[in-house]
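The values are calculated or read from the model by the stated rules, or taken from the named source; none is laboratory data. Because the structure is a prediction, the values reported are computed rather than measured. Every residue, glycine among them, receives a Cβ derived from its backbone with ideal geometry; neighbour counts consider all protein chains shown. Note: areas computed on protein heavy atoms with side chains; ligands, DNA, RNA excluded. Shrake-Rupley method; radii C 1.70, N 1.55, O 1.52, S 1.80 Å.
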Amino acid sequence: MSATVEGDRLDLFVAGIVYLDIIFTGLPELPAPGTEVWTHGMGSSPGGIANLAVAASRLGVRTGLSSPMSSDAYGEFCWQILSREENVDLSASRRFDDWHSPVTVSLAYERDRSMITHGHPAPATVDGLVGELPAARSAYVSLEREPVPWVRRAQRAGTLVFADAGWDATGSWSAEALSVLDHCHAFLPNAVEAMRYTHTGSPDAALRALAERVPVAVVTCGPAGALALDGRTGEEASVPGIPVEALDPTGAGDVFGAGFVTGTLAGWPSGTGSRSPTLWPRCRCSTSAARCPRPAGATSPTGGAPPGPAPPAATPKPR
């Protein structure tokens, strides 16, 4: 694939819901009923699908986002951060006056996180927001119980579609949700999601089952790293995780996805492409809203000179 941008063509188109994330770090313990816990770390930022869009944009990927967003104070905050500070193209997004922004509170504790979320049904889907999909080299989607018509249109237009999975709160883990993979280039669930959707007993078995449904299957295994299998060539990769002190794991999977898309678009050799996506989420986990550097000597998938030092960390916005 070419590593240049053609006119207004995006490198990556993502669609989904943007949440206001309020993240607490450095918790000495989780609060018990009737108690209060003070912590020394807190930040606010756009979350949900915005995690992946921001990570990709920071890696030099020209990214567009389609999402319904509220015109309330939380939505205005997210819109300004994404469009002005993170250089995410929001021309395919739309503001709504009669809808409350969804909000997630994330509690980072003992190398993991717990979340509390409040929200209402979205007032529009991506098909309702976008008449004709923007031209893009790649797109990213999360599995949904309902059909996602725009994915089929994107694939027919020559877009490489990447997919991940969300937690199935119904507990059904229906194989019907995997039907979208018929139009995808790669699927990147975590180990628990992969095993539940494939009804297998190990990440490796789940990987092999998924490789029968999608050209490139990837299973992330948390601190243990990631597994990947190219069903077209039989090429396999098993990349160990990189030990770091986990400060904030919120959005680590999204950062992995952004890294994987970046490596694919840039055509990096498999050794670099498989290693780097495990490094970037570790950078995200060991900092709070930090900008993660690209591998030394690598170029942006949009072309240009090798990057210099990583830009300074973004300052978490006070609530």
Checking Asn87, Asn51 in turn, the sole residue that is of a type outside the set (Val, Ile, Thr), out of contact with any Cys (no Cβ under 7 Å at 6 or more places or on another chain) and at pLDDT 95 or above turns out to be Asn87
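Against the condition at pLDDT below 90, under 22 Å from Val14 (Cβ atoms) and either open to solvent by 20 Å² or more (accessible area, probe 1.4 Å) or within 14 Å of the chain's Cα centre (by Cα) (or both), how does Pro277 come out, does it pass? Can you show your working first?
Working: at pLDDT below 90: yes; under 22 Å from Val14 (Cβ atoms): yes; either open to solvent by 20 Å² or more (accessible area, probe 1.4 Å) or within 14 Å of the chain's Cα centre (by Cα) (or both): yes.
So Pro277 fits the description; yes.
Taking into account only those residues within region 50-77 that are open to solvent by 10 Å² or more (accessible area, probe 1.4 Å) and farther than 13 Å from Trp99 by Cα, which is nearest to the chain's Cα centre (by Cα)?
Filtering region 50-77 down to residues open to solvent by 10 Å² or more (accessible area, probe 1.4 Å) leaves 51, 54-55, 57-58, 60, 62, 71-74, 76-77.
Then drop every residue that is not farther than 13 Å from Trp99 by Cα, which leaves 51, 54-55, 57-58, 60, 62, 77.
Values: Asn51: 6, Val54: 9, Ala55: 8, Ser57: 12, Arg58: 13, Gly60: 15, Arg62: 15, Phe77: 20 Å.
Here the residue is Asn51.
Consider region 214-225. How many of its residues are closer than 20 Å to Cys184 by Cβ and surrounded by fewer than 18 Cβ atoms within 10 Å (Cβ to Cβ)?
Quick first cut of region 214-225, residues closer than 20 Å to Cys184 by Cβ only: 214-220.
The next check asks that each one be surrounded by fewer than 18 Cβ atoms within 10 Å (Cβ to Cβ); those that pass are 215.
Total satisfying the criteria: 1.
Would you check which residues across region 159-198 are small (Gly, Ala, Ser), out of contact with any Phe, Trp or Tyr (no Cβ under 8 Å at 6 or more places or on another chain) and open to solvent by 10 Å² or more (accessible area, probe 1.4 Å) and list them?
First, pick out the residues of region 159-198 that are small (Gly, Ala, Ser): 163, 165-166, 169, 171-172, 174-175, 177, 179, 186, 191, 194.
This time we only want the ones that are out of contact with any Phe, Trp or Tyr (no Cβ under 8 Å at 6 or more places or on another chain), so: 166, 169, 171-172, 174, 179, 191, 194.
Selection gives Gly166, Ala169, Gly171, Ser172, Ser174, Ser179, Ala191.
Per-residue answers, yes or no, for (1) open to solvent by less than 60 Å² (accessible area, probe 1.4 Å); (2) in contact with a helix residue (DSSP H, G or I) (Cβ under 6 Å, 6 or more places away or on another chain); (3) within 19 Å of Leu65 (Cα to Cα):
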| site | (1), (2), (3) |
| --- | --- |
| Arg111 | no, no, no |
| His120 | no, no, no |
| Leu129 | yes, no, yes |
| Glu144 | no, no, yes |
| Arg152 | no, yes, yes |
| Ala157 | no, no, yes |
The lone condition Ala92 fails out of (1) farther than 19 Å from Gly259 by Cβ; (2) not in a loop (DSSP other than H, G, I, E, B) is (2)
